[in-house]
Amino acid sequence: MERAPADPVYSTRPLTGDTWNDFAKLVEENNGVWGGCWCMGFHPEGVGKGHTVAQNRDAKHAHVRRGTVHQILIYDGVTCVGWCQYGPPAELPGIKNPAAYNKELSELPDWRIGCIFTGKGHRRNGVARAAVAAVLAAVGESGGGLVEAYPEQAEGRELQRGSYFHTGPETLFEDFGFVRDRRIAKWRWVMRLRV
């Protein structure tokens, strides 16, 4: 009888000055992530028009030096293979669809989960799952609270080849006990969990 390969065992570390080079290497190996955002889309500075790849990199590095970033890095051995960004709303105000988000807002969360990223060659191997688990553990160690995520619904739609959900798929968060709070775009939901 042939044995199934074991699930990968990952380790985690926060994004700090000590792990910056690991993070930067992963970003650079993946075209700056989504064309050069450097995981800045949820930060106050945002990305897009008027922001170069170099400016995004420098802004992210400045957040790391100031300690205004919460991000768990996932390692396969000594190689950083992914991450999950999280933080309080003041640290990550740049959610998509803000008008729809605010329309039925009843309570601001204590924590937001922003981007989830897995590097090329490591996708579909549990990196995102390990990242979300580590974030929820870190939130618990910080006193807990209401955690929000903004995943995309995959069920009921035909996905484009190579599509990537930068905020994760809805099913990933369901597996951790998150529940839908409200729709903020055709395929995007606010999901919540109290930790």
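The values are calculated or read from the model by the stated rules, or taken from the named source; none is laboratory data. None of the values given here were measured: they were computed from a predicted structure. In this analysis, Cβ positions are derived from the backbone assuming ideal geometry, glycine residues included, and neighbour counts consider all displayed protein chains.
Identify all residues within segment 33-43 that are of a type outside the set (A, V, I, L, M, F, W, C) and surrounded by 17 or more Cβ atoms within 10 Å (Cβ to Cβ); write none if there are none.
Matches in segment 33-43: GLY36, GLY41, HIS43.
Of the conditions (1) closer than 22 Å to LEU136 by Cβ; (2) at pLDDT below 95; (3) in contact with a helix residue (DSSP H, G or I) (Cβ under 8 Å, 6 or more places away or on another chain), GLN71 satisfies every one except a single condition; which number is it?
(2)
Please enumerate the residues belonging to segment 102-136 that are part of a loop (DSSP other than H, G, I, E, B), over 26 Å from THR19 (Cα atoms), modelled with pLDDT under 90 and not charged (D, E, K, R).
LEU105, SER106
Run down GLU158, GLU141, GLU152 and say which single residue is charged (D, E, K, R), touching a strand residue (DSSP E or B) at 6+ places or on another chain (Cβ under 8 Å) and either at pLDDT below 90 or closer than 28 Å to TYR75 by Cβ (or both). Give the steps one after another, and end with the answer.
On the way: GLU158 fails: touching a strand residue (DSSP E or B) at 6+ places or on another chain (Cβ under 8 Å); GLU141 fails: touching a strand residue (DSSP E or B) at 6+ places or on another chain (Cβ under 8 Å).
From the options GLU158, GLU141, GLU152, the qualifying one is GLU152.
Going through segment 31-80 one residue at a time, which ones are under 29 Å from ASN125 (Cα atoms) and among the polar types (S, T, N, Q)?
Listed by number, the residues that qualify are ASN31, ASN56, GLN71, THR79.
Quickly run through segment 7-25 and pick out the residues that are out of contact with any helix residue (DSSP H, G or I) (no Cβ under 6 Å at 6 or more places or on another chain), outside any loop (DSSP other than H, G, I, E, B) and either at pLDDT below 95 or among the hydroxyl-bearing types (Ser, Thr, Tyr) (or both).
SER11
Pick from segment 44-89 the residues that are among the β-branched types (Val, Ile, Thr) and part of a loop (DSSP other than H, G, I, E, B): which of them is surrounded by the fewest Cβ atoms within 10 Å (Cβ to Cβ)?
Within segment 44-89, the first condition is being among the β-branched types (Val, Ile, Thr), and the residues that meet it are 47, 52-53, 64, 68-69, 72, 74, 78-79, 81.
If we keep only those that are part of a loop (DSSP other than H, G, I, E, B) as well, we get 47, 52, 68-69, 78.
Values: VAL47: 22, THR52: 10, THR68: 13, VAL69: 23, VAL78: 7.
Residue satisfying both the conditions and the ranking: VAL78.
So which residues in segment 92-101 are out of contact with any strand residue (DSSP E or B) (no Cβ under 7 Å at 6 or more places or on another chain) and either at pLDDT 95 or above or not in a loop (DSSP other than H, G, I, E, B) (or both)?
Matches in segment 92-101: PRO98, ALA99.
Quick one: is ARG13 basic (Lys, Arg), in contact with a strand residue (DSSP E or B) (Cβ under 9 Å, 6 or more places away or on another chain), crowded, with 19+ Cβ neighbours inside 10 Å and closer than 26 Å to PHE173 by Cα?
In short, no.
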